[in-house]
Amino acid sequence: MDSATLKRYSIKSLSRLMPRLEVRYADQIDQGTWQSYVQRIKTHFPRLFGLLYQLYGNQYDFFYHLEQILDSTTQMWMKRPDELKALDVMREADPQWYQSHRMVGAMCYVDLFAGDLSGIRDRIPYLTELGITYLHLMPLFKTLKGDNDGGYAVTSYREVNPTLGTMEELAELATELRQHGISLVLDFVFNHTSDEHQWAKQAMAGDREYQEYYRMYRDRDIPNAFEKTVNSVFPDEHPGCFTYRTKIRKWVWTTFCNYQWDLNYENPTVFTHMAEEMLFLANVGVEVLRLDAVAFLWKRLDSGCENLPEAHLLIQAFNAVLQIAAPAMVFKSEAIVHPDEVRRYIGEEECPLSYNPQLMALLWEALATRNTRLLSHAMHKRFDLPAGCAWVNYIRCHDDIGWTFSDDDAWELNINPFHHRQFLTAFYTNRFENSFARGLPFQENPETHQARISGTIASLCGLEKGLYEEDPEQIKLAIRRILLLHGILLTIGGIPLIYLGDELGMLNDYDYGQSPEKDGDSRWAHRLVFDWQRAELRRDSEAVWSQIYLGLLRLIHIRQQNRAFTGSETVIMDPGNDHVFGYFRHHDDQSVLVLANFTEAEQAVVGRQLRLLGMRKTFTDIVSGTTITATQKLMLDPYQFMILIGVR
């Protein structure tokens, strides 16, 4: 159906639906507020209708589900607190609020950082001192006891894990964070539920309606057909993508772990109920929602069941619902897939924010190789985003580090990507001679010797090795590497995201295997209990971790005090030296040049190259606070990070 016909049908459908909504809800709220809501429906319903029609228009009861979706959306809007409705209005007036140079993100597990939600509230002064304006709390919903994929096996989206607190406490925390200028970020695990979710329990009890919420098959015929083209995500966890449940004698689609059941989004009822769960979180006060595992949402025979067009339509439909009922909240995509596929999830009508796994991987690649060619080449091709969108940049997170660069990019530079990933795995697991890194392999393939990497930033940057060997020079270089990576994180464009604990140089915890639930999962080596004793001494200038903390704090202040770091207008440039990474940042009439030396040796950038790039002969490095005259050349110290002002 062409777009003009779809629009005509949407207008006709809305003209029939609105009187029914008016009868049900209009007299329950003041007319001014209701009319503002009606205007949002009129603005966004045509897009929502078109998306839902593409997904479900071939179903006989499409218009029934359409009404259910609009009705439940309205019910959730009615329940939205007045304070958040006011925030909706403010965010509609400033829709790109997340582009501010004031945005600095942090992430943590509630229990590991502060014990519980009450503890997070007590630690708000620490967060504000660090300049945090965006706080991502790792999965905190009610989940399975024992093995639960780090909280990503959700039993209830409307209950907090009892060991952490209650949903009421979460709402209170969201309010207090907002009062301190901090936006709350949570995960929306919407590809799957745990097998103890109420829907799964109903399905296990034999209820056919709830069995249709998931993908279940009586025999192996269809699962076998799917597995001809679908890769197993965790082959060590379980082969294939299906798990047999003897009680119901059916094969259940389980992309990740056998206790995580994939939802069936071909059933529009699933979309309706998950939209309600999404809006419930918006009404708690969540301002950014991380969409987990977006690549796997839709399944189709004879495909890889990743990154299918319908997955994008689904997210866009959720986005349209959000614009109607809670426009203060924005989506952030989590797509650890090929860099070109990552970009396809990014857009104001899909996910305005996205993790940038390519930058993460290539920062580590450049640190290992002491060469920035692949980093510069890839960023030049893919760093730009559509207007109104931003990267969420990180050096590492709760998860592993995967070598998610493009094979094509590597070949274009005459780098064999297979051998290069082998080298990077060896380098960061201390199997390469003279490596400074102390990381652990995750999901290692014994045949290819490729793996993803676990480890804290400090351990991967050489601090663990330097401290163990009591070598002051190694320690100094490790601190410089840590600050170099954070400097790029804070200035390259987008929202910088710090894993709390890295600002204090915390090292790997090798005792994680003592817990049966964690044994065999090396990622727990970098999911540390926060060291508050160390944090109390963070301003002791003699301590190693204090040098990291104070250095990072200075970089954060530089970001938040310079409007050149607003938005995502970044130009990757060639400094004429493959060991140096460089880029310009622009905003309005402010411009800076950022240079980063990725080696332990001095590096030169010739003066004429700088002037070719618009620099004067004399300029100021606002990191060191020095004024530099570079008539012939500019020298960068080992692992030096510079922000130069003096661009014409």
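Taking residue 7 as the anchor, which lysines have their alpha carbon closer than 27 Å to its alpha carbon, excluding any fewer than eight residues away along the same chain?
42
Give me the number: length gained by fully extending residue 208 to residue 302, i.e. 0.36 nm times residue separation minus the C-alpha to C-alpha distance, one decimal in nm.
Computed gain between residue 208 and residue 302 is 31.2 nm.
For residue 67, tell me the accessible area in Å² from a 1.4 Å probe, rounded to the nearest 10.
Its accessible surface works out to 30 Å², give or take rounding.
Can you give the helix-only mean residue ellipticity at 222 nm for the chain, where every DSSP H stretch with n ≥ 4 adds -39500 (n - 2.57) and the sum goes over all residues, rounded to the nearest 500 deg cm²/dmol?
Computed ellipticity for the chain at 222 nm equals -12500 deg cm²/dmol.
What length, rounded to one decimal in nm, is gained on full extension from residue 529 through to residue 569, with 0.36 nm per residue of separation minus their alpha-carbon distance?
10.7 nm
Kindly state, to the nearest 0.05, the FRET efficiency for residue 22 paired with residue 519, given R0 = 60 Å and r defined as their beta-carbon distance.
0.55
Return the distance in nm (one decimal) between the two label points of a simple spin-label model at residue 232 and residue 176, each offset 7 Å from Cα along Cα→Cβ.
4.6 nm
Within segment 1-88, which chymotrypsin sites (Phe, Trp or Tyr not before Pro) sit in a loop by DSSP and count at most 14 neighbouring Cβ atoms inside 10 Å?
Of the chymotrypsin sites (Phe, Trp or Tyr not before Pro), the ones in loops of segment 1-88 whose Cβ has at most 14 other Cβ atoms within 10 Å are 60.
Apply 1/(1 + (r/R0)^6) to the Cβ-Cβ distance of residue 118 and residue 90, taking R0 = 35 Å, and write down the FRET efficiency to the nearest 0.05.
0.80
Rounded to the nearest 10 Å², what accessible area does residue 301 have for a 1.4 Å probe in the complete protein model?
Looks like 80 Å² after rounding.
Which translational diffusion coefficient, to the nearest whole µm²/s, is obtained for segment 102-261 from the Stokes-Einstein equation, given a Kirkwood hydrodynamic radius over C-alpha pairs, 37 °C and 0.692 mPa s?
Translational D for this selection: 187 µm²/s.
How far is it, in nm, from the label point at residue 62 to the one at residue 537 when both lie 7 Å from their Cα along the line to the Cβ?
6.7 nm
Tell me the label-point distance for the pair residue 416, residue 622, using the 7 Å Cα-to-Cβ offset, in nm and rounded to one decimal.
4.6 nm
Normalising by the residue count of segment 145-244, find the relative contact order in percent from Cα pairs under 8 Å and 6+ residues apart.
Relative contact order of segment 145-244: 18 percent.
Take the alpha carbon gyration tensor of segment 49-195, find the square roots of its eigenvalues, order them as a ≥ b ≥ c, and report rounded if a/c is under 1.5; if not, report prolate when a/b exceeds b/c, else oblate.
oblate
Take the alpha carbon gyration tensor of segment 545-621, find the square roots of its eigenvalues, order them as a ≥ b ≥ c, and report rounded if a/c is under 1.5; if not, report prolate when a/b exceeds b/c, else oblate.
Here segment 545-621 falls in the oblate category.
The values are calculated or read from the model by the stated rules, or taken from the named source; none is laboratory data. Note that the structure is a prediction, hence the values are computed from the model and not measured. For neighbour counting, all protein chains shown are included, and Cβ atoms are generated from backbone atoms with ideal geometry for every residue, glycine included. With ligands, DNA and RNA removed, areas are computed over all heavy atoms of the protein, side chains included. Shrake-Rupley method; radii C 1.70, N 1.55, O 1.52, S 1.80 Å.
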